[in-house]
Amino acid sequence: SDALGKGAPFMQYQDNYRSLVTSSYLMLQEVQRAIVNDEFTIHLQPKVRLHDASVVGFEALVRWQQADGSYIPPDMFIPLAEASGLISELDRQVMLKTLDAINVLKASGYALPVAFNAAVADLESPDYVDNVFSAMSDRKVDAQLLDIEITESSAMRDYETHEASLRRLISKGVSVSIDDFGTGYSSLAHVARLAATTLKIDRSFVQGLETSDSDRHVVEMVARLGRSFGYSVVAEGVETDAQRRMLLDAGCHIGQGYFYARPMPLQIAIEWLKDQEVAAK
Ligand code: C2E
Ligand code: MG
Ligand code: MG
Ligand code: MG
């Protein structure tokens, strides 16, 4: 029983590892099936002006609802989809649903920009930008209403190659937001001439505003840096009124977070908008 006692933790580790591999494989099959069956949907989360809460746009976030009504969080399947190459098809479905949502919002009287998220594999595909442009013209979506979010770490991975694609999007009038900004490794030289219109300050810094001087300094620095280089600056993960006020003090004017609204289905977003001020362009 002594030997068993020593062996047990390792065996348990092996079992956990095996079940992890098995469950990832099953999850991957499920993702593939969900893509084929068009089961992914989007929820929209507003971006607002921090001084008066007027709405300036939305971000579309992928949602995967299960038969029992529960949702599997994107952080559980996006990395898997990225590692397996399924992400391009998933993101394409999300892009098309975002374009449709832009049109429905517009038809409801809300001509507001909506962002969707792109993975590094999307940009690596040589046809990506052309595919976005042709989907936009098929669906008659104005470039001014489209915003593509790409994480700082993705943008910086092989930046020289991605820069040309991002510039093509921007020159057509599409916004390009650098997501989770501050967590990647952009050099100051890069920040000065990023192919982007917007920097999105990562949620971790916003969450630390009230308790960490260093997080507050990062927020102030990104806001100042962004302004001086002509980017708009958006804070993500705003959860409290204190954070809202500190962001304004730091020079950041637009935010997104649970303090304003959770991501919600399109029809709920349209209902929600009826009680909101919409920012004049
Ligand atoms: P992200 O693009 O940085 O999106 C923001 C995440 O923060 C979302 O999580 C959103 O629901 C959450 N969030 C918003 N406000 C708050 C807040 O006040 N507090 C907290 N704690 N969280 C807040 P979500 O929807 O779980 O998405 C996670 C990540 O998955 C996204 O981070 C994005 O990187 C990725 N993702 C989501 N949809 C897509 C997609 O269609 N394609 C790709 N490639 N990635 C996606
Ligand atoms: Mg995002
Ligand atoms: Mg983000
Ligand atoms: Mg994030």
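When the residues of segment 243-257 are filtered to those that are in a helix (DSSP H, G or I) and touching a Leu at 6+ places or on another chain (Cβ under 6 Å), which remaining residue is farthest from ligand 4 (Cβ to nearest atom)? Before the answer, list the steps.
Filtering segment 243-257 for residues in a helix (DSSP H, G or I) gives 243-250.
Going one step further and asking which of them are touching a Leu at 6+ places or on another chain (Cβ under 6 Å), we end up with 243-244, 246-248.
Numbers: Gln243: 15, Arg244: 18, Met246: 19, Leu247: 16, Leu248: 21 Å.
The selected residue is Leu248.
Hey, any hits in segment 259-277 for a residue that's surrounded by 15 or more Cβ atoms within 10 Å (Cβ to Cβ) and part of a strand (DSSP E or B)? I'd like the intermediate steps shown before the answer.
Start the filter on segment 259-277 by keeping residues that are surrounded by 15 or more Cβ atoms within 10 Å (Cβ to Cβ), which leaves 259-261, 263-264, 266, 269-270, 272-273, 276.
Filter once more, so that each one left must be part of a strand (DSSP E or B): 264.
Yes, there is a match, as at least one residue in segment 259-277 is surrounded by 15 or more Cβ atoms within 10 Å (Cβ to Cβ) and part of a strand (DSSP E or B).
Restricting attention to segment 205-231, the residues that are in contact (Cβ under 8 Å) with a residue 24 or more places away in the chain, surrounded by fewer than 18 Cβ atoms within 10 Å (Cβ to Cβ) and either more than 17 Å from His253 (Cα to Cα) or within 15 Å of ligand 2 (Cβ to nearest atom) (or both) add up to 1. Does segment 143-158 contain at least one residue that is at pLDDT below 95, over 14 Å from Thr197 (Cβ atoms), more than 16 Å from ligand 2 (Cβ to nearest atom) and among the charged types (D, E, K, R)? Yes, segment 143-158 has at least one match.
Within segment 125-148, is even one residue in contact with a Pro (Cβ under 6 Å, 6 or more places away or on another chain), more than 16 Å from ligand 4 (Cβ to nearest atom) and either within 21 Å of Ile78 (Cβ to Cβ) or not in a strand (DSSP E or B) (or both)? Steps first, please.
Start the filter on segment 125-148 by keeping residues that are in contact with a Pro (Cβ under 6 Å, 6 or more places away or on another chain), which leaves 145, 147.
From what's left, more than 16 Å from ligand 4 (Cβ to nearest atom): 145.
Then keep just the ones that are either within 21 Å of Ile78 (Cβ to Cβ) or not in a strand (DSSP E or B) (or both); that gives 145.
Scanning segment 125-148, I find at least one residue that is in contact with a Pro (Cβ under 6 Å, 6 or more places away or on another chain), more than 16 Å from ligand 4 (Cβ to nearest atom) and either within 21 Å of Ile78 (Cβ to Cβ) or not in a strand (DSSP E or B) (or both), so the answer is yes.
When the residues of segment 124-151 are filtered to those that are without any contact (Cβ under 8 Å) to a residue 40 or more places away in the chain and closer than 14 Å to Thr183 by Cβ, the one that is nearest to ligand 1 (Cβ to nearest atom) is Thr151. The residue of segment 49-62 that is farthest from Met76 (Cα to Cα), among those that are among the charged types (D, E, K, R) and away from ligand 4 (no atom under 16 Å from the Cβ), is Asp52.
Restricting attention to segment 102-124, report how many residues are touching a strand residue (DSSP E or B) at 6+ places or on another chain (Cβ under 6 Å) and part of a helix (DSSP H, G or I).
Total satisfying the criteria: 1.
With the condition kept exactly as written, say whether any residue in segment 184-192 is at pLDDT 95 or above and within 15 Å of ligand 1 (Cβ to nearest atom). Within segment 184-192, not a single residue is at pLDDT 95 or above and within 15 Å of ligand 1 (Cβ to nearest atom).
Per-residue answers, yes or no, for (1) more than 18 Å from the chain's Cα centre (by Cα); (2) more than 17 Å from Ser232 (Cβ to Cβ):
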| residue | (1), (2) |
| --- | --- |
| Asn131 | yes, yes |
| Val141 | yes, yes |
| Ala155 | no, no |
| Ser165 | yes, yes |
| Ile170 | no, no |
| Gly173 | yes, no |
| Ser177 | no, no |
| Gly182 | no, no |
| Ala192 | yes, no |
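May I ask you to verify whether Gly237 is surrounded by 15 or more Cβ atoms within 10 Å (Cβ to Cβ), of a type in the set (Gly, Ala, Ser), farther than 28 Å from Arg167 by Cα and within 16 Å of ligand 4 (Cβ to nearest atom)? Outline the logic, then answer.
Numbers: surrounded by 15 or more Cβ atoms within 10 Å (Cβ to Cβ): yes; of a type in the set (Gly, Ala, Ser): yes; farther than 28 Å from Arg167 by Cα: no; within 16 Å of ligand 4 (Cβ to nearest atom): yes.
No.
Scanning segment 132-163 for residues that are of a type in the set (Ser, Thr, Tyr) and within 16 Å of ligand 3 (Cβ to nearest atom) yields a total of 3.
Annotation note: of Pro74, Pro46, the sole residue that is within 16 Å of ligand 3 (Cβ to nearest atom), free of Cβ contacts under 8 Å to residues at least 40 places away in the same chain and in contact with a strand residue (DSSP E or B) (Cβ under 6 Å, 6 or more places away or on another chain) is Pro74.
Count of segment 172-204 residues, restricted to those that are within 15 Å of ligand 4 (Cβ to nearest atom) and touching a residue at least 60 places away in the same chain (Cβ under 8 Å), is 2.
Among the conditions (1) of a type in the set (Asp, Glu); (2) away from ligand 4 (no atom under 16 Å from the Cβ); (3) buried (at least 18 other Cβ atoms within 10 Å of the Cβ), Glu89 misses just one, which is (3). Screening Asp138 against (1) surrounded by 19 or more Cβ atoms within 10 Å (Cβ to Cβ); (2) at pLDDT 95 or above leaves a single unmet condition, (1). Considering segment 27-77, the residues that are polar (S, T, N, Q) and assigned to a strand (DSSP E or B) include one that is farthest from Gln144 (Cα to Cα), namely Gln65.
The values are calculated or read from the model by the stated rules, or taken from the named source; none is laboratory data. This one's a predicted model, so the numbers in the text were calculated from it and none came from an experiment. With ideal geometry, Cβ positions are generated from the backbone for all residues, glycine too; neighbour counts draw on all protein chains shown.
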